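What follows is a set of notes on a single structure, which appears directly below.
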Amino acid sequence: MSRALPVRSSLPAPLPLEELVRRVDRQRLPHHVAIIMDGNGRWARQRGLPRVSGHREGAESAREVIAQAAELGIKALTLFAFSVENWRRPQEEIDTLMDLLVRHIRKELPTLLRHKIRVRAIGAIDALPLAVRRWVRKAEEESRRGHGLLLNVALNYGGRSDILEAVRTLLREVQTGKLHPEKLDEPRFASALQTAGLPDPDLLIRTSGEHRVSNFLLWQLAYTELYFTDTLWPDFRRREFLLALLDYQQRERRFGLTGEQVQGGRPA
Ligand code: IPE
Ligand code: IPE
Ligand code: MG
């Protein structure tokens, strides 16, 4: 019944990087891409290396993806670097991660500034170790005039705490009479979240074969296109990022409409 699968050697050669770049439709770029960078530990384990070398290699992936996003003219990129749940990891791993973060920001800041990238951090930054806090604030401050890519780093971030904090802020405004409960609508609520001013992500990428959101941007992901890949984060480089963008560009986003409505142009 089934015919033999073609032998591997007859598969077409992978497209060169420049060809993939060429295929990306600049008119249909996602405005905002969010990434759950997962799989560093498994990458290291597969090679018999300590988990930290996976994190180190993962930093290189982040560098490549940031550069590619900036070159394409994507407006915003949110990278999930450390979750509120990640504090439950062994202290040694946390310390190394924090150390890597500082080193990475320090090393990359001049390049980010040269490319007019604006850095912003979301999450409970003030609860991070002093050196991380300092470098994050320095990067934000020095890059604030950047008009290129907005690089949003989620550090000590949790989607539920983001929502809870917003509720707290809004309740205080109600208490002081600044806000009437009937006036609270979705845009007003969104403006109390840490991602205020950013459009919701158009595309969420999660690496390493896990199919979950892990308390990332819960409110903001309501209509985001999800892209899952088995590739581990340290192997997710320019090529994999371009493939994710091309996959996104094949999709039809409906926002509750019918396919016919969408294909017939934008609804009235
Ligand atoms: C992602 O890789 C990095 C962080 C969560 C900080 P992991 O460290 O989660 O790697 P796995 O999931 O154990 O492979
Ligand atoms: C999500 O990855 C958080 C980051 C990438 C920073 P995890 O590896 O922590 O997620 P779970 O625990 O597998 O859901
Ligand atoms: Mg993980």
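Among the residues in the range 106-117, are any at pLDDT 95 or above and within 14 Å of ligand 1 (Cβ to nearest atom)? Step through it out loud before you land on a result.
Start the filter on the range 106-117 by keeping residues that are at pLDDT 95 or above, which leaves 106-117.
Still in the list and also within 14 Å of ligand 1 (Cβ to nearest atom): none.
So far as the range 106-117 goes, no, none of its residues is at pLDDT 95 or above and within 14 Å of ligand 1 (Cβ to nearest atom).
What is the number of the single condition among (1) touching a Phe, Trp or Tyr at 6+ places or on another chain (Cβ under 7 Å); (2) open to solvent by 60 Å² or more (accessible area, probe 1.4 Å) that Arg254 does not meet?
(1)
Would you confirm, using the coordinates I've provided, whether Glu93 is within 16 Å of ligand 3 (Cβ to nearest atom), open to solvent by less than 30 Å² (accessible area, probe 1.4 Å) and acidic (Asp, Glu)?
Details: within 16 Å of ligand 3 (Cβ to nearest atom): yes; open to solvent by less than 30 Å² (accessible area, probe 1.4 Å): yes; acidic (Asp, Glu): yes.
So Glu93 fits the description; yes.
Can you tell me which condition Tyr248 does not meet? The list is (1) open to solvent by less than 30 Å² (accessible area, probe 1.4 Å); (2) farther than 19 Å from His32 by Cβ, and all the others hold.
Condition (2) is where Tyr248 drops out.
Could you check the range 115-127 and list, in sequence order, the residues that are of a type in the set (A, V, I, L, M) and crowded, with 20+ Cβ neighbours inside 10 Å? Before you say what the answer is, go through the steps one by one.
In the first step, residues of the range 115-127 are kept if they are of a type in the set (A, V, I, L, M); the result is 117, 119, 121-122, 124-125, 127.
Correct list: Ile117, Val119, Ala121, Ile122.
Could you tell me whether Ser208 is hydroxyl-bearing (Ser, Thr, Tyr) and away from ligand 3 (no atom under 16 Å from the Cβ)?
Numbers: hydroxyl-bearing (Ser, Thr, Tyr): yes; away from ligand 3 (no atom under 16 Å from the Cβ): no.
Against the criterion (hydroxyl-bearing (Ser, Thr, Tyr) and away from ligand 3 (no atom under 16 Å from the Cβ)), Ser208 does not qualify.
Which ones in the range 187-196 are loosely packed, with under 13 Cβ neighbours inside 10 Å and under 16 Å from the mean Cα position of the chain (by Cα)?
Matches in the range 187-196: Ala196 only.
Do we find that Arg103 is surrounded by 13 or more Cβ atoms within 10 Å (Cβ to Cβ) and within 16 Å of Val136 (Cβ to Cβ) in this structure? Before you say what the answer is, go through the steps one by one.
Values: surrounded by 13 or more Cβ atoms within 10 Å (Cβ to Cβ): yes; within 16 Å of Val136 (Cβ to Cβ): yes.
For Arg103, the condition - surrounded by 13 or more Cβ atoms within 10 Å (Cβ to Cβ) and within 16 Å of Val136 (Cβ to Cβ) - is met.
For the range 9-25, state whether one or more residues are within 21 Å of the chain's Cα centre (by Cα) and within 16 Å of ligand 2 (Cβ to nearest atom).
No, there is no match, as no residue in the range 9-25 is within 21 Å of the chain's Cα centre (by Cα) and within 16 Å of ligand 2 (Cβ to nearest atom).
Mind counting the residues in the range 200-220 that are open to solvent by 20 Å² or more (accessible area, probe 1.4 Å) and either more than 12 Å from Pro30 (Cα to Cα) or of a type in the set (Gly, Ala, Ser) (or both)?
Matching residues across the range 200-220 total 9.
Identify, please: which residue in the range 30-50 is over 26 Å from Leu198 (Cβ atoms) and of a type outside the set (D, E, K, R) and is, among those, nearest to ligand 3 (Cβ to nearest atom)? Write out each step before concluding.
We begin by selecting, within the range 30-50, every residue over 26 Å from Leu198 (Cβ atoms); these are 41-50.
From the residues that got through so far, the ones that are of a type outside the set (D, E, K, R) too are 41, 43-44, 46, 48-50.
Details: Gly41: 6, Trp43: 10, Ala44: 12, Gln46: 14, Gly48: 19, Leu49: 16, Pro50: 15 Å.
Restricting to residues being over 26 Å from Leu198 (Cβ atoms) and of a type outside the set (D, E, K, R), the top hit is Gly41.
Say whether the condition of being closer than 27 Å to Val21 by Cβ, out of contact with any strand residue (DSSP E or B) (no Cβ under 9 Å at 6 or more places or on another chain) and surrounded by 13 or more Cβ atoms within 10 Å (Cβ to Cβ) is met by at least one residue in the range 176-186. It would help to see each step written out before you state the result.
Taking the range 176-186 as the starting set, the residues that turn out to be closer than 27 Å to Val21 by Cβ are none.
Checked the range 176-186: no residue is closer than 27 Å to Val21 by Cβ, out of contact with any strand residue (DSSP E or B) (no Cβ under 9 Å at 6 or more places or on another chain) and surrounded by 13 or more Cβ atoms within 10 Å (Cβ to Cβ).
From the list Gly48, Gly54, Gly58, Gly39, exactly one residue is at positive phi and within 13 Å of ligand 2 (Cβ to nearest atom). Which is it? Give the steps one after another, and end with the answer.
On the way: Gly48 fails: within 13 Å of ligand 2 (Cβ to nearest atom); Gly54 fails: at positive phi; Gly58 fails: at positive phi.
The unique qualifying residue is Gly39.
When you look at Leu49, is it open to solvent by 70 Å² or more (accessible area, probe 1.4 Å) and farther than 21 Å from Glu140 by Cα, yes or no?
On the way: open to solvent by 70 Å² or more (accessible area, probe 1.4 Å): yes; farther than 21 Å from Glu140 by Cα: yes.
Yes; evaluated as a whole, the condition is true for this residue.
Looking at the range 77-86, which of the residues that are more than 11 Å from ligand 1 (Cβ to nearest atom) and not hydroxyl-bearing (Ser, Thr, Tyr) is least open to solvent (accessible area, probe 1.4 Å)? Reasoning before the result, please.
Let us first name the residues in the range 77-86 that are more than 11 Å from ligand 1 (Cβ to nearest atom), namely 77-78, 84.
So of that shortlist, the ones also not hydroxyl-bearing (Ser, Thr, Tyr) come out as 77, 84.
Numbers: Leu77: 0, Val84: 46 Å².
If we take residues in the range 77-86 being more than 11 Å from ligand 1 (Cβ to nearest atom) and not hydroxyl-bearing (Ser, Thr, Tyr), then Leu77 is least open to solvent (accessible area, probe 1.4 Å).
The values are calculated or read from the model by the stated rules, or taken from the named source; none is laboratory data. This is a predicted model, so every value here is computed, not measured. Backbone-built Cβ (ideal geometry, glycine too); neighbour counts: all protein chains shown. Just so you know, the surface numbers come from the protein's heavy atoms only, side chains and all, with ligands and any DNA or RNA stripped out. Shrake-Rupley method; radii C 1.70, N 1.55, O 1.52, S 1.80 Å.
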